[in-house]
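Before any comments, here is the structure.
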Amino acid sequence: MSKNIQSIRGMHDFAPEEAAAMRVLESRLLSVLKQYAYQEIRTPIVEKLELFKRSIGEVTDIVEKEMYAFEDGADHAWLGLRPEGTASTVRAGIQNGWLHNQQQRYWYLGPFFRRERPQKGRYRQFHQLGVETFGMQGPDIDVELILLTRSMWQAVGLPAENLQLQLNSLGDADARAKHRDKLIAYLSDHESVLDEDARKRLHANPLRVLDSKNHEVQAIVADAPKLLDFLDQEAKDHFGLMQQLLDQMGIEYSVNPTLVRGLDYYNRTVFEWVSTDLGAQGTICAGGRYDSLVEQMGGKATCAAGFAIGLERLLSLVEQQMMDSVPQIDAYFVALGDEASRYAFQLIAKIRQQLPDCAIQMNCGDGSIKAQMKRADRSGARLALIVGEDEVNNQQIAVKHLQEKQPQQVLSENELLQLLKPQH
Ligand code: ATP
Ligand code: MG
């Protein structure tokens, strides 16, 4: 007996209703990106493994534990499925000469892969909408990114009171180095309470210990030396001006001194939008500046800032509203007999030409009127358009309203077009 093959754990199918809800969500987010005049870029899903190691950092969850990597048969190169989008964007920007001496505002949307323990809001294939900007140094672009995300929450009907904006500044290299020594000393004093991960990171990348999800480690971290106390004047001014701009725009936020990012390349501003409705997997959007990454990856020094939204998490907050906005089928065409079918095909072609946004499903595979009306009901269509021998002879269509209590009508072709028109 053969066993059915199942999908990979943590990698999901989207049923048509879910896919339709995700489409609505995506199209609302994309219309906001259009308003802010951001441009789409597309990069490959597979890249050289080295790209992720160098940009994300060796001592990170992603590179240490979560990469899907494989040796490519042809030339034995190590490749990886992309776990996030910044590395590829920077690689593409440098390779294609998009960055040097230019300002860019890019977005991308697609699947990403991390071998994590699957749980609610945490999958092995998930989808991100990411934004990356280049060549803008001041805090105004940081604020623009926050305004952009806030517009997105409004566009998908996410109530502001269920979201928290958290900010921090990670400063620049000098501040990080000074803070690092103090942090290592502090964490070493509490080494017995640290878990294995934290202990491993203690010397390799102590800032990452601040990002621990372990409650006991978090308790220690709460009193650790704060990067904010080490910022130089420039980084302080940047952070201060950013907060001023946010205040002016009436955007509420809280400064969270333990907020760091899971990835190595961030500096200065980091931010997260956290939902109060999602429990442990509450971060729906995370971002910040990464001014040294382009140079570190071999390009000319170019400042940068971006964010990524976890689309599954966002969808789970607004799924019902999105489903309610999925466009319905306008009409289901019931045709009784061969001649009626031929007539139906021609008429539908005419309607599709004249009303390109009208969604009509044609009955295929014959069936009695009862069977066809059942399919019409199941399709969720607003109208059933019914044609039999009489209707063909008179060039008329019987119209039954499936969603509302309205009497059945018999219409001419033009009257039918008028009836279908108002919606489109
Ligand atoms: P977390 O702290 O939840 O592990 P992260 O710091 O690893 O998140 P980022 O790399 O900043 O996440 O990715 C940006 C966003 O993408 C996250 O805020 C989240 O909404 C989403 N995301 C990240 N990993 C996953 C995943 N495995 N499944 C679903 N969504 C994810
Ligand atoms: Mg993670």
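The values are calculated or read from the model by the stated rules, or taken from the named source; none is laboratory data. This structure is a prediction, so every number in the text was calculated from the model and none was measured. All Cβ positions, even for glycine, are placed from backbone atoms using ideal geometry, and neighbour counts span all protein chains on display. Keep in mind that these areas ignore ligands, DNA and RNA; they rest on the heavy atoms of the full protein, side chains included. Shrake-Rupley method; radii C 1.70, N 1.55, O 1.52, S 1.80 Å.
Quick check for you: with a 1.4 Å probe and neighbouring chains kept, what is the accessible area per residue of the chain, in Å²?
For the chain, the per-residue accessible area is 51 Å².
Over 10 Å intervals from 0, what percent of Cα-Cα pairs in region 226-364 sits in each interval?
9, 23, 20, 13, 12, 13, 8, 2, 0
Taking the square root of 5 times each eigenvalue of the Cα gyration tensor, what semi-axes in Å does the equivalent ellipsoid of region 23-129 have, largest first?
Semi-axes, largest first: 25, 20, 12 Å.
What percentages make up the Cα-Cα pair-distance distribution of region 321-424 when the bins are 5 Å wide from 0?
The calculated distribution, bin by bin, is 2, 13, 24, 27, 20, 9, 3, 1, 0.
Send over the Kirkwood Rh of region 128-276, from the inverse of the averaged 1/r over different Cα pairs, rounded to one decimal Å.
16.6 Å
Which percentage, to the nearest 5, of the DSSP beta bridges contained in region 289-424 is antiparallel?
55 percent
With a Förster radius of 45 Å, plug the Cβ-Cβ distance of S151 and V59 into 1/(1 + (r/R0)^6) and report the FRET value to the nearest 0.05.
Given R0 = 45 Å and the Cβ-Cβ separation, E is 0.80.
Give me the one-decimal nm value for the distance between modelled label points at D13 and R378, 7 Å along each residue's Cα-to-Cβ direction.
About 1.6 nm separates the two model spin labels.
Which links in K34/K226; K374/K405; K34/K405; K53/K178; K200/K300 stretch past 29 Å when you go from one Cα to the other?
Cα-Cα > 29 Å for K34/K226; K34/K405; K200/K300; rest within.
Roughly speaking, what is the stretch gain from H100 to A160, that is 0.36 nm per residue apart minus the C-alpha to C-alpha distance, in nm to one decimal?
Fully extending the segment from H100 to A160 adds 17.9 nm.
Mind jotting down the distance between the C-alpha centroids of region 120-172 and region 81-111, whole Å?
So the separation of the two Cα centres works out to 17 Å.
Simple spin-label model, 7 Å along Cα-to-Cβ: I184 to E50 in nm?
Modelled inter-label distance: 2.9 nm.
Please work out the FRET efficiency for the pair V193 and Q6, using the Cβ-Cβ distance as r and a Förster radius of 35 Å; give the result to the nearest 0.05.
0.30
Taking N as the number of residues in the chain, what is its Cα Rg relative to 2.2 N^0.38 Å?
1.26
Over the chain, what percent of the accessible surface lies on carbon and sulfur atoms, probe 1.4 Å?
Carbon and sulfur together cover 48 percent of it.
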